Amino acid sequence: MSSPSSGSAAADASRRLLARARLGESSALGELLNRHLPRLRRWTHGRLPRWARTMADTSDLIQDAVLHTLPKVSTFELRGHRALAAYLREAVRNRVYDEHRRVARRGMPEALSEGLADPARSPLDQAITSEMESRYRAALTRLNPADRDLIVAHVELDYTHEQLGCMTGRSPNAARMALKRAVRRLTEQMRDG
């Protein structure tokens, strides 16, 4: 337990720091807060219910309360060695109440269900697909008819290599190689076009 003289010495030191802080000395304000923050954290711990901590944890709550309190330090009157600690506790208590009211109004957030996802493609995906399809169609028109037939049959009609071979009078392997060359030429046309 601290003696009365140590309490008045602490109050005097706090008064000097507060006076310097009011003059705009950020180091004095920092020192003043450093004296009080550890106790304030201990006091605050557990004051915010577990169900509300997902929204704002204790450290965030203290930081928010202190940041909103700092502009008012010029009007604060230090009446005792624990006056600033009580003032800061009250600010934190008010933030806890605010958090209670906010959660009561809005409720707890729920995880989004996968079932809520829109199955439709996004506008960006639609634009990209449309652009690619336009480039694909334009490049197809610049290919020779044999290459175009191979690509359309395989890509759009889902022909297998065996079916392509029957369509062109080639073996399945030869049809696969011809398709590969046609796709390479299509890619070049799409890149250049």
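The values are calculated or read from the model by the stated rules, or taken from the named source; none is laboratory data. On a predicted model such as this, the values are computed, not experimentally measured, just so you know. Methodologically, a virtual Cβ is constructed for each residue, glycine included, from the backbone with ideal geometry; neighbour enumeration extends over all protein chains shown.
Filtering the stretch 16-35 down to residues that are modelled with pLDDT of 80 or more and closer than 21 Å to residue 92 by Cα, which residue is surrounded by the fewest Cβ atoms within 10 Å (Cβ to Cβ)? Here the residue is 34. Every condition in (1) in the same structural domain as residue 87 (by TED's automatic domain parsing); (2) at pLDDT below 80 is met by residue 38 except one, and the failing one is (2).
Of the residues 52, 65, the single one that is surrounded by 15 or more Cβ atoms within 10 Å (Cβ to Cβ), at pLDDT below 80 and either among the acidic types (Asp, Glu) or within 24 Å of the chain's Cα centre (by Cα) (or both) is 52. Checking each residue in the stretch 71-99 for being at pLDDT below 75 and exposed (fewer than 14 other Cβ atoms within 10 Å of the Cβ) picks out 71, 72, 74, 75, 77, 79, 80.
Scan the stretch 119-143 for residues that are surrounded by fewer than 10 Cβ atoms within 10 Å (Cβ to Cβ) and assigned to a loop (DSSP other than H, G, I, E, B) and the total you get is 3.
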